[in-house]
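Worksheet: one structure, shown below.
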Amino acid sequence: MTVAKIVELVGESQESWEDAVRKAVREASKTIRNISGVEVLNWTGRVNEDGEIVNYKADVQIAFAVEGTD
């Protein structure tokens, strides 16, 4: 039986919420092996004085298999 661990991260982008999620997963993959999934918990953004979204944030959970638990 495989055991999974979940970590929560916040990705940030000036392009889109989807890009913020991709950046969170990409950064996590630099130090976490066996990533098997991502769940978006929350979307937030910063709006400038003109009413434009200028910063996107995605609060995500990333799941990965704990090694040696097969």
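The values are calculated or read from the model by the stated rules, or taken from the named source; none is laboratory data. Keep in mind it's a predicted model, so treat the numbers as computed, not measured. Don't worry about glycine lacking a Cβ; one is built from the backbone with ideal geometry, like all the others, and counts go over all protein chains shown.
Rundown of residues vs (1) touching a helix residue (DSSP H, G or I) at 6+ places or on another chain (Cβ under 9 Å); (2) of a type in the set (Phe, Trp, Tyr); (3) more than 22 Å from LYS5 (Cα to Cα), yes/no style:
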residue	(1), (2), (3)
LYS23	no, no, no
GLU27	no, no, no
LYS30	no, no, no
SER36	no, no, no
GLU49	no, no, yes
VAL54	no, no, yes
ALA58	yes, no, no
ILE62	yes, no, no
ALA65	no, no, no
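In this structure, does ALA20 turn out to be among the small types (Gly, Ala, Ser) and in contact with an Asp or Glu (Cβ under 8 Å, 6 or more places away or on another chain)? Criteria met by ALA20. The set of residues in the range 26-55 being in contact with a Ser or Thr (Cβ under 8 Å, 6 or more places away or on another chain) and closer than 11 Å to GLY11 by Cβ is empty. What about SER36, is it over 10 Å from the mean Cα position of the chain (by Cα) and at pLDDT 95 or above? No; evaluated as a whole, the condition is false for this residue.
At pLDDT below 95 and over 15 Å from the mean Cα position of the chain (by Cα): does that describe ASP50? It is false that ASP50 is at pLDDT below 95 and over 15 Å from the mean Cα position of the chain (by Cα).
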